[in-house]
Amino acid sequence: MLNSEPYQPDNIFAKILRGELPAHKVFEDDVAVAFLDIMPQSPGHTLVVPKLASRGLLDFPADGWGPFMGRVQLVAAAVKKGMDAEGLSVRQFEGAAGGQTVFHLHFHVLPRWEGVALRRHADSVEKPDVLKAHAAKIRAAF
Ligand code: AMP
């Protein structure tokens, strides 16, 4: 079933993609942009956002998945290496009831360490200096 709501081009991630809002970018090519989540659930929490516009998973074009998931994998590898993480959680929230708050498709890449719990989703804003330092580590890991 396709997503019934129309895509809104004034969402925060569309503005970041157009360069109208700043972001701590770690990766960008013709398919996707990746940048740090400003309210990280773990240090180095990164969002991978396709340049193709869709609200979520259900309305994303079928032939876009191969290129986009390739970028999710590439970014995930750099996040794990750059943050020296033991593992990763990769998440996607679909619709408000599913926990989605920004309605442009994105995957969360969360560095994980054994026994360390995640912070709550979209809870508190991280200091810009911390985000800057984590972005530099991840960028250096590609
Ligand atoms: P979701 O709830 O899956 O739609 O995730 C949206 C994510 O975007 C949340 O984890 C927020 O912390 C994050 N977020 C919101 N505004 C920004 C922003 N300007 N830059 C980076 N991340 C953001």
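The values are calculated or read from the model by the stated rules, or taken from the named source; none is laboratory data. Quick caveat: nothing in here was measured; it's all calculated off a predicted structure. Virtual Cβ from ideal backbone geometry, glycine too; neighbours counted across all protein chains shown. Surface areas here come from the heavy atoms of the whole protein model, side chains and all, with no ligands, DNA or RNA. Shrake-Rupley method; radii C 1.70, N 1.55, O 1.52, S 1.80 Å.
Miscellaneous remarks
- Comparing LEU58, GLN92, ALA122 along the charge dipole axis of the chain, the residue lying farthest to the positive side is ALA122, per the Cβ-charge model.
- Estimated 222 nm signal from helices in the chain, with DSSP H stretches of n ≥ 4 weighted -39500 (n - 2.57), rounded to 500: -8000 deg cm²/dmol
- Total formal charge among the other residues, if their Cβ is under 13 angstrom from that of PHE103, Lys/Arg +1 and Asp/Glu -1: -2
- Accessible-area composition of the chain, carbon plus sulfur, in percent [1.4 Å probe]: 57 percent
- Overall, the stretch 46-142 carries a charge dipole of about 240 debye about its Cα centre when +1 sits on the Cβ of Lys and Arg and -1 on the Cβ of Asp and Glu, all other atoms neutral.
- Average accessible surface for the stretch 8-140: 51 Å² per residue, computed with a 1.4 Å probe over protein heavy atoms with every protein chain in place.
- Using the Cβ of ALA133 as centre and a radius below 12 Å, the other residues enclosed give a net charge of +2, where K and R count +1 and D and E count -1.
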